[in-house]
1. Which residues, counting only those in segment 163-180, are part of a loop (DSSP other than H, G, I, E, B) and without any contact (Cβ under 8 Å) to a residue 24 or more places away in the chain?
2. Going by the structure shown, is Arg76 more than 27 Å from Ile192 (Cα to Cα), over 13 Å from the mean Cα position of the chain (by Cα), surrounded by 16 or more Cβ atoms within 10 Å (Cβ to Cβ) and among the basic types (Lys, Arg)?
3. Would you confirm, using the coordinates I've provided, whether Tyr91 is within 24 Å of Asp72 (Cβ to Cβ) and buried (at least 18 other Cβ atoms within 10 Å of the Cβ)?
4. Mind checking which residues of segment 33-69 are touching a residue at least 12 places away in the same chain (Cβ under 8 Å) and more than 18 Å from Gly92 (Cβ to Cβ)?
5. Taking segment 56-70 as the search range and keeping residues that are touching a strand residue (DSSP E or B) at 6+ places or on another chain (Cβ under 9 Å), closer than 23 Å to Ala43 by Cα and modelled with pLDDT of 90 or more, which one is surrounded by the fewest Cβ atoms within 10 Å (Cβ to Cβ)?
6. Within segment 167-211, work out how many residues are hydroxyl-bearing (Ser, Thr, Tyr) and over 17 Å from Glu126 (Cβ atoms).
Amino acid sequence: MDLSPSDATTRRRRGLLIVLSSPSGAGKTTISRMLLDADDEIAMSVSATTRPMRPGEHEGKDYHFVDDEVFDQMIRDGEFVEWANVFGYRYGTPKSPVKDALREGRDILFDIDWQGARQLEPDFGEHLVTIFLLPPSMSELEHRLRARGTDSGEVIADRMRRAADEISHWAEYEYVLINDEMDECLDKVRAIIASERSKRVRQTNLVPFVRGLIGPEH
């Protein structure tokens, strides 16, 4: 994605697209929530979905709830950065808000799997930071899923089967963390983001700043 010269002189840095992935139960949702609470420069990507709205969810805040016909039209119109079929429903990331965030130097957090991360790469690779969370063990992962108390044994068994497939894609991510202790894992995620924000290529105001320090002749 190209950014205009005027953007480079008015923003202190480029925005990040932060992908946080993990198998179900490994802590992705909890870490995401903690990260959003701790860092007001990060906003959650709001996906469109064909899944019905659940109690307590709000249109435009949790998801954009659409029917299959609208979702199909959005695909045909090229409105998605990425989309995937998950547990019988489709989820997609609208392209326009992502481009707006990058232009304004804002960071967007994506709660998507390896398939979604792969789809982001061609258009947004230079802005992408991918992080995968591993459970400390498969037995601990199953324990966490059962501790939720929301899924049947059959559903948990299916999630465990899917977990092995998702974990097999760990090497496609830039950063891989073992989520043994939640607060420690959050600290590591925040350190990764701080480091990525400080990279020279992301600080678009450095050239005029340095010229102001030492003069244009150097």
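1. Ser168
2. no
3. Judged against the criteria, Tyr91 is a match.
4. Listed by number, the residues that qualify are Met34, Leu35, Leu36, Ala38, Asp39, Glu41, Ile42.
5. Filtering first and then ranking leaves Glu59.
6. 1
The values are calculated or read from the model by the stated rules, or taken from the named source; none is laboratory data. Keep in mind that what you see is a predicted model, and the values were worked out from it rather than measured. Here the Cβ is made from the backbone with ideal geometry for all residues, glycine too, and neighbour counts use every protein chain on show.
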